[in-house]
Amino acid sequence: MSNAQREALTTHRRRRRDSGVVRVEVQVPAIDAALVRDLANVLRGEPKAAQGLRVQLRAAIAAPRASAVFDIFGSDLPDSYFDGVFEHDRRGDTPRDVEL
């Protein structure tokens, strides 16, 4: 690559970076290459469509977090999921002395 070409490329990349665009390289299986290109086209295209896609992608990859045990019990998990978890019989336990 000649000095003029290298300088032109550097100038081009600086202008893109200054406008808020960053260069990203990813490695994906060949079957997903077209999908990743399509995603990139939408994200750099119309702002409204890009924002809609961002919301959908974040929702799809976000790990659901339960903030309390009550969230787990209120979930759509089947009752069989909890089999064997709460089968400890506490009727034979003796009370403890507690100072208040």
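The values are calculated or read from the model by the stated rules, or taken from the named source; none is laboratory data. What you see is a predicted model; the values in this text were computed from it and never measured. Note: ideal-geometry Cβ built from the backbone for every residue, glycine included; neighbour counts use all protein chains shown.
Suppose we keep only residues that are among the acidic types (D, E) and within 22 Å of the chain's Cα centre (by Cα) within segment 1-36. Which one would you say is surrounded by the most Cβ atoms within 10 Å (Cβ to Cβ)?
Start the filter on segment 1-36 by keeping residues that are among the acidic types (D, E), which leaves 7, 18, 25, 32.
Keeping just the survivors that are within 22 Å of the chain's Cα centre (by Cα) gives 25, 32.
Values: E25: 4, D32: 11.
The selected residue is D32.
Taking only pairs six or more apart or across chains, which ones have beta-carbon atoms under 9 Å, a first residue in segment 16-30 that is within 15 Å of A40 (Cβ to Cβ), and a second residue that is outside any helix (DSSP H, G or I)?
Pairs found: R16/V22; R16/R23; V21/R44.
Please tell me if R90 is modelled with pLDDT under 70 and among the basic types (K, R).
Taking the combined requirement at face value, the residue satisfies it.
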